[in-house]
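What follows is a set of notes on a single structure, which appears directly below.
Read-outs throughout are calculated quantities, based only on the coordinates presented, and are distinct from any laboratory measurement. Here the structure is a predicted model, which means the values were calculated and not measured. Positions of Cβ are backbone-derived with ideal geometry, glycine not excepted, and every protein chain shown enters the neighbour counts.
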Amino acid sequence: MSAHASEPTPGVPPMPERNPKALREAIAQYAPQLLPDFDEHWRWAVADAYDISTVPAFMARWWGEYAIARDPKFDARMKDLHRRAAESTDIEEAKTLLEEASNIRYQARRLEPGQ
């Protein structure tokens, strides 16, 4: 995510309203590969647990997952960083790669609806 994260990237759908229903609809439409894990996580963390106190943590995780997955450039970058870290034999290099991935996730979670 760039310093200008508030400017939408052409062809990348905007972030939905910040609620589980809108996020699920956006995932279904623009990142359907995430939907089975999203639904399974929802079932065990919220629905089956009868515990809405878990919704903020659930939303934080899936907000970031969707923010990255909706943008093919960032999705590919994250996969590349994780692949390179897993293949690295240099612990410092792997750590640097994973820190970069962590920074991208942090920035993704800070996006607002419409961005």
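Send over the semi-axes of the chain's equivalent ellipsoid, whole angstrom and largest first, taken as the square roots of 5 times the C-alpha gyration tensor eigenvalues.
Working: eigenvalues 128, 70, 31 Å².
Each semi-axis is √(5λ); the values are 25, 19, 13 Å.
Axis angle, to the nearest 10 degrees, between helix 72-87 and the longest C-alpha principal axis of the chain: 60 degrees.
Got the relative contact order for the chain handy, in percent, Cα pairs under 8 Å and 6 or more residues apart?
On the way: 96 pairs, mean separation 43.6, N = 115.
Computed value for the chain: 38 percent relative contact order.
Relative to the Cα centre, what is the charge dipole magnitude of the chain, using +1 at the beta carbon of each Lys and Arg, -1 at the beta carbon of each Asp and Glu, and rounding to the nearest 20 debye?
Details: 15 positive and 19 negative charges, 47 e Å.
Around 220 debye, computed over the chain.
Each of the peptides 78-85, 20-27 was scored by the mean count of other Cβ atoms within 10 Å over its residues; in descending order, highest first, they stand as 20-27, 78-85.
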